[in-house]
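K.L.:
What follows is a single structure, and I will ask about it in a moment.
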């Protein structure tokens, strides 16, 4: 019962905020709604016992990437765009296509759902002060290569950003 | 009872919202935010399966997804800034030339 | 950035200029009054500045032209309102020069001593606000603690603290009160220690050095070309001080040094002013020990009607050469009075000094010029 | 222990209610007397020059980017540090490589002057 | 039912008490600041309201509430309204994970609101959210000084957050746990405060904390002599006070985390020396408060002494001094630890 309340509350927050992200007129408002949605995701991760991930989500997404977004919104003035149309011309077709994709996804989930419908797994998966260790072990042993590649990715991001910010490309 | 299916459906809804945002909005910044939504919906799936299968690999990959999202945001926003300085616009449909 | 990746930094290509015009003042905490500076910024960097003055214009010069000579003195309390004594001295001496009156030595000694007190008070106010602008709030209150003592001395002698109508044409309003010299001696014995205290907080402070070194550098030649005077000029190493160059009052009798800077940056100007306070104290001490006795008034005519002519007299105010140019038509009030306000001319340097610096430096540079808007706008 | 997150939610609710209650209580008490000059944006007592939403220096953006990159780096360090005793030498070398790769970028941006504010 | 009591009722009581103490503490922290600075400056500080100004914070608080609340005409009203809240709320909820007493204190309920196993990460993450309030507040004002202040402020805060994170990693390498309770316990079992193990990490952490909370010598965002009031120039009345409270709450957070990570949290000095056990007469939460007060005093003391940095110098210190030093500290600590493994 409590489980249902938690899930549906979070799901409602996430869906509502996500909708607001794409409906808001002003980019700063969009960013605000996205922040709320991201916090909802973080809460959901905690529910799914991915505590480390929840912390990472808040630290990187809310405290990092969204700050970056807001910076950029401030750098490119948003004032001029508020009076223009929000949607592209093909928006009706786009919505139809997207809804088609959604229908397909949900159909797949419902039809194939029996594979996933299991009894709720017990909370014994990851006991106290374990999650970080368990994730870490996987990260630094089995997934060593992706981990090192991540640093290359960050390196590229760092250099790319500096190069892009110069005047002439 | 909340099953994995619930999470999958939620992820599918968020994914769709993200796709609609990407396809319909003109403001590149909001398109970017929609992409973040899509990435997050993927993360939900990863974490839900990690919970279902009692295997943390899903969470490890979610961390990588976040890393990718950070790199993507950094570069993508860099491109937006470069674009804005050259074209004075951040409307997606006004940026329709391959070269200027 | 066309060269190799570890090549030299090409400033223009890395970051783009987007200019923002921002008003600093007239209601800004650090423009020291109602100065309005229009800054053109690229990010935090100042590309251009424009000073807009006149918010405190009261037409002092015109008012004085319509008053008898003696009634003009109080108006000059209000030009540089933190250095009223120096202003009065300049005007009074100028009128005395017009009349050809020779004031008695006791008067000259008292005037010199009080002017030096005023110099210390003015520099203390400058030090406090300058430090406060750069964020060192404690120095401000320390400086005001000592300034308060000086103001108390003023009150004892002149009956007021700020706008004091210090001197009369031909002499003084009253002789030194009983015990006044002892109070002066007490002050001058302790001020040295207090100056050390300020220096302890600032002179070798890393942050202070970083904030003031190489900020607002002006070369000796540029300083002369702009007509700068006072500590701003001497900070660039130009040895010009009216007290030595054209001694007035009793300055010829005293032994004191003119501190000079080397680099002409904000830090050097700071050092010059600090040292000037010490030198002023030296003069005060000499005044106290050698204070002559005698009358406190010269034989000046009751109705002041200077002969026809043009007169200029300048003194070394705390902020620079303070000159009075008076044209007389032989009437009871002057035909034309013109003040040479040191800070008005020093303020010209702002544009040159701040170019290329950051917003925070603008504040430091306005502080180092030691401006008083009452004098600039008159 | 998921329940241990419940107090955080409660704290969140309490913390949010504080400003809400304060603002609501204040609304009953405080005066409301706006006029045009009062509501003007502050620009030191003169009419504002141009619009405030000008574009500002790109330098701020570079700082934010570098922050995000290093922020992501720290999230890899957190579990690593927790596990350090277990990982030992292997972990040390692993992280050394990770940090060295990022160091290349750090030195690059240093040399490029992106860290200078000038 | 037990869960309800343990995880809802008891924490709720603790939360209410903590919030009350925190609000009162912040109010009196302002008084302490004014009094201490007044002492440094040879003056008295507030003297009029109550004995030696003891009621001054209450008068200030009342004034904040009854002052007119101005929303500039060009502002984005919604964002303008919630921005101070975004600043304040994270500053408060960090305290849900900070332990101020051992797990067996307070009649066995534990000297903390909750002990989650990612407490440290949570604290770092949540306090990084506060910067959003600053950006949004400055943006929503739609005025130049706040915008410039917000950009400056957030650039500064994020810059120092990086070095701060690296500084914390040094402690984590020694403690091997993200739970703040365990970190303190570890300091007890090792018999040494982590300050003596990780002094460089502490210095980096504390200086970055000063920068994060916008305190002198890093108070550029609010440098009234340059940017008037920085990001909160347009704020008045209660909304302004929320930013103000957030700043002071952050000061307390930084001090509390410094105490927890480096100075043994609730432990008495030399907790391993039995000869000093008479110090146990002071209960652990009080030790915690005393230590926090010492750090708060240093905050104030520094403010009374130093001038402020310029923005480029600030950035240079953050990126070119603190960050490399913190990174080197992590790797050197790692290398030294290898010997002990």
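The values are calculated or read from the model by the stated rules, or taken from the named source; none is laboratory data. Because the structure is predicted, anything quoted here is derived from the model rather than measured. Neighbour counts run over all protein chains shown; Cβ positions are idealised from the backbone, glycine included.
K.L.:
Out of everything in the range A:21-30 that is more than 7 Å from chain B (Cβ to nearest Cβ) and assigned to a helix (DSSP H, G or I), what residue ends up being surrounded by the most Cβ atoms within 10 Å (Cβ to Cβ)?
P.N.:
The extreme case among them is A:28.
K.L.:
What is the residue count in the range E:70-80 for residues that are under 13 Å from residue E:239 (Cβ atoms) and surrounded by 17 or more Cβ atoms within 10 Å (Cβ to Cβ)?
P.N.:
6
K.L.:
In this structure, does residue C:342 turn out to be surrounded by 20 or more Cβ atoms within 10 Å (Cβ to Cβ), touching a strand residue (DSSP E or B) at 6+ places or on another chain (Cβ under 9 Å) and in the same structural domain as residue C:362 (by TED's automatic domain parsing)?
P.N.:
Numbers: surrounded by 20 or more Cβ atoms within 10 Å (Cβ to Cβ): yes; touching a strand residue (DSSP E or B) at 6+ places or on another chain (Cβ under 9 Å): yes; in the same structural domain as residue C:362 (by TED's automatic domain parsing): yes.
Here the answer is yes, as residue C:342 does meet what is asked.
K.L.:
Would you mind finding the one in B:51, B:7 that is out of contact with any strand residue (DSSP E or B) (no Cβ under 8 Å at 6 or more places or on another chain), more than 7 Å from chain A (Cβ to nearest Cβ), buried (at least 20 other Cβ atoms within 10 Å of the Cβ) and in contact (Cβ under 8 Å) with a residue 40 or more places away in the chain?
P.N.:
Numbers: B:51 fails: more than 7 Å from chain A (Cβ to nearest Cβ).
Result of the check over B:51, B:7: B:7.
K.L.:
If I go through the range E:96-118 residue by residue, how many of them are at pLDDT below 85 and either assigned to a loop (DSSP other than H, G, I, E, B) or buried (at least 24 other Cβ atoms within 10 Å of the Cβ) (or both)?
P.N.:
Going through the range E:96-118 one residue at a time, the tally reaches 15.
K.L.:
Could you list, in sequence order, all residues of the range C:130-162 that are touching a residue at least 40 places away in the same chain (Cβ under 8 Å), within 19 Å of residue C:197 (Cα to Cα) and more than 9 Å from chain E (Cβ to nearest Cβ)?
P.N.:
Hits for the range C:130-162 are C:130, C:143, C:146.
K.L.:
Among the listed residues D:66, D:77, D:102, identify the single one that is in contact (Cβ under 8 Å) with a residue 24 or more places away in the chain, in a helix (DSSP H, G or I), within 8 Å of chain E (Cβ to nearest Cβ) and touching a helix residue (DSSP H, G or I) at 6+ places or on another chain (Cβ under 9 Å).
P.N.:
D:66
K.L.:
Would you confirm, using the coordinates I've provided, whether residue B:86 is more than 7 Å from every other protein chain (Cβ to nearest Cβ) and out of contact with any helix residue (DSSP H, G or I) (no Cβ under 9 Å at 6 or more places or on another chain)?
P.N.:
Values: more than 7 Å from every other protein chain (Cβ to nearest Cβ): yes; out of contact with any helix residue (DSSP H, G or I) (no Cβ under 9 Å at 6 or more places or on another chain): yes.
In short, yes.
K.L.:
Considering the range E:20-47 alone, what residues qualify as being within 11 Å of another protein chain (Cβ to nearest Cβ), at pLDDT 85 or above and crowded, with 18+ Cβ neighbours inside 10 Å?
P.N.:
Listed by number, the residues that qualify are E:22, E:37.
K.L.:
I'm trying to understand the selection: among the residues of the range C:358-378, which are over 22 Å from residue C:234 (Cα atoms) and more than 18 Å from the chain's Cα centre (by Cα)?
P.N.:
C:358, C:359, C:360
K.L.:
Any residue at all in the range C:216-237 that is loosely packed, with under 15 Cβ neighbours inside 10 Å, at pLDDT below 85, on the phi > 0 side of the Ramachandran plot and out of contact with any strand residue (DSSP E or B) (no Cβ under 8 Å at 6 or more places or on another chain)?
P.N.:
no
K.L.:
When you go through (1) crowded, with 21+ Cβ neighbours inside 10 Å; (2) not in a helix (DSSP H, G or I) one by one for residue C:107, which number turns out not to apply?
P.N.:
The single condition residue C:107 does not satisfy is (2).
K.L.:
Is the range E:62-69 home to any residue that is modelled with pLDDT of 80 or more, out of contact with any strand residue (DSSP E or B) (no Cβ under 8 Å at 6 or more places or on another chain), surrounded by fewer than 18 Cβ atoms within 10 Å (Cβ to Cβ) and over 27 Å from residue E:233 (Cβ atoms)?
P.N.:
no
K.L.:
Then there's this: Which condition number does residue D:51 fail, the rest of (1) facing another protein chain (nearest Cβ under 7 Å); (2) farther than 20 Å from residue B:75 by Cα; (3) at pLDDT 75 or above being met?
P.N.:
Result: residue D:51 fails condition (3) only.
K.L.:
Ok, one more. Restricting to the range C:304-327, name every residue that is in contact (Cβ under 8 Å) with a residue 40 or more places away in the chain, assigned to a loop (DSSP other than H, G, I, E, B) and more than 19 Å from the chain's Cα centre (by Cα).
P.N.:
Answer for the range C:304-327, where residues must be in contact (Cβ under 8 Å) with a residue 40 or more places away in the chain, assigned to a loop (DSSP other than H, G, I, E, B) and more than 19 Å from the chain's Cα centre (by Cα): C:304, C:306, C:307.
K.L.:
What is the residue count in the range C:118-145 for residues that are buried (at least 22 other Cβ atoms within 10 Å of the Cβ) and over 21 Å from residue C:204 (Cα atoms)?
P.N.:
Counting residues in the range C:118-145 that are buried (at least 22 other Cβ atoms within 10 Å of the Cβ) and over 21 Å from residue C:204 (Cα atoms) gives 5.
K.L.:
May I ask you to list the residues in the range E:119-142 that are more than 8 Å from chain A (Cβ to nearest Cβ) and surrounded by fewer than 24 Cβ atoms within 10 Å (Cβ to Cβ)?
P.N.:
Residue satisfying the conditions is E:142 alone.
Quick grid of which residues meet (1) crowded, with 18+ Cβ neighbours inside 10 Å; (2) part of a loop (DSSP other than H, G, I, E, B):
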{"position": "E:287", "(1), (2)": "yes, no"}
{"position": "E:291", "(1), (2)": "yes, no"}
{"position": "E:296", "(1), (2)": "yes, no"}
{"position": "E:301", "(1), (2)": "no, no"}
{"position": "E:308", "(1), (2)": "yes, yes"}
{"position": "E:313", "(1), (2)": "yes, no"}
{"position": "E:320", "(1), (2)": "no, no"}
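K.L.:
Could you please tell me which pairs satisfy a Cβ distance under 7 Å, a separation of 6+ or placement on different chains, a first residue in the range A:90-104 that is farther than 19 Å from residue B:41 by Cα, and a second residue that is in a helix (DSSP H, G or I)?
P.N.:
A:91/B:24; A:94/B:20; A:94/B:23; A:94/B:24
K.L.:
What about residue C:370, is it touching a residue at least 60 places away in the same chain (Cβ under 8 Å) and under 30 Å from residue C:68 (Cα atoms)?
P.N.:
no
K.L.:
Exactly one condition in (1) within 28 Å of residue C:135 (Cα to Cα); (2) more than 14 Å from chain D (Cβ to nearest Cβ) is false for residue E:51; which is it?
P.N.:
Only one criterion is unmet by residue E:51, namely (1).
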